[in-house]
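What follows is a short report on a single structure.
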Amino acid sequence: MNKHSIITTIAIIVIVLPFAHWGFSVIGMHQLEYRWDSPGQFNFFTMSNHGEIELCNTVPFWMSFEKFEIVPYFEASNLGSFSVEPSTINPMSSTVQQGIFSSEELSASQHIFITLDFEFDGGDIRLDPNQFIVVVKADIPILGLIPYSSTTQISGFDFDKMMNAEDLSCN
């Protein structure tokens, strides 16, 4: 193999590798499983006071994200956001990340969360749970420059069940 072939091969690898990592991260984000760090202990009020979330990479390659955010809405009003800092997760493994909840109307959000937590645990219905949705958004910029986001919308009740899961595929 001559010198030019070696240089060309190395250049191709250097060019393709970042795009491959980004592609794997996008695929991994769509397969990502998550739950509250303490299985069975999740409720929205607790989330509004910050906490830790377990993220499980179910694919056989590394995946990264710039920002992972959980945004609850009630009657189309944003109640705040629970954000996790940038992370890279090893293949077929999980990591626990600290999340921060922020809201412009924290006390109003917490009041809605307490009421909905009570309803999801079998209490009387005071607020329409069908008006409560959660948007999960992950930012995975292409080469760290071009914005790309993966967004999933789920009902508040289904999100509550998912966050209280006992097992993830990585465990």
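The values are calculated or read from the model by the stated rules, or taken from the named source; none is laboratory data. On a predicted model such as this, the values are computed, not experimentally measured, just so you know. No Cβ is skipped: glycine too gets one built from the backbone with ideal geometry, and neighbour counts run over all protein chains shown. Keep in mind that these areas ignore ligands, DNA and RNA; they rest on the heavy atoms of the full protein, side chains included. Shrake-Rupley method; radii C 1.70, N 1.55, O 1.52, S 1.80 Å.
Table for the structure above
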| read-out | value |
| --- | --- |
| Criterion (open to solvent by less than 20 Å² (accessible area, probe 1.4 Å) and assigned to a strand (DSSP E or B)) met by exactly one of 69, 54 | 54 |
| Residues of the stretch 115-143 that turn out to be closer than 22 Å to residue 40 by Cα and surrounded by 14 or more Cβ atoms within 10 Å (Cβ to Cβ), as a count | 12 |
| Selected residue (criterion: nearest to residue 132 (Cα to Cα)) from residues of the stretch 57-66 that are open to solvent by 50 Å² or more (accessible area, probe 1.4 Å) and not hydrophobic (A, V, I, L, M, F, W, C) | 66 |
| Matching residues, the stretch 14-51, being among the hydroxyl-bearing types (Ser, Thr, Tyr) and either open to solvent by 70 Å² or more (accessible area, probe 1.4 Å) or more than 21 Å from residue 66 (Cβ to Cβ) (or both) | 38, 46, 48 |
| Selection count where residues are in contact (Cβ under 8 Å) with a residue 12 or more places away in the chain, under 25 Å from residue 77 (Cα atoms) and out of contact with any Phe, Trp or Tyr (no Cβ under 8 Å at 6 or more places or on another chain), scope the stretch 149-171 | 7 |
| Complete set of residues in the stretch 149-164 that are open to solvent by less than 30 Å² (accessible area, probe 1.4 Å) and at pLDDT below 90 | 150 |
| Only listed residue being at pLDDT 90 or above and either in contact with a helix residue (DSSP H, G or I) (Cβ under 9 Å, 6 or more places away or on another chain) or closer than 16 Å to residue 140 by Cβ (or both), chosen from 107, 103, 94 | 103 |
| Verdict on residue 146 being modelled with pLDDT under 90 and open to solvent by 70 Å² or more (accessible area, probe 1.4 Å) | yes |
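Rundown of residues vs (1) closer than 30 Å to residue 16 by Cα; (2) in contact with a strand residue (DSSP E or B) (Cβ under 7 Å, 6 or more places away or on another chain); (3) acidic (Asp, Glu), yes/no style:
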residue: 129; (1), (2), (3): no, no, no
residue: 142; (1), (2), (3): yes, no, no
residue: 151; (1), (2), (3): yes, yes, no
residue: 166; (1), (2), (3): no, no, yes
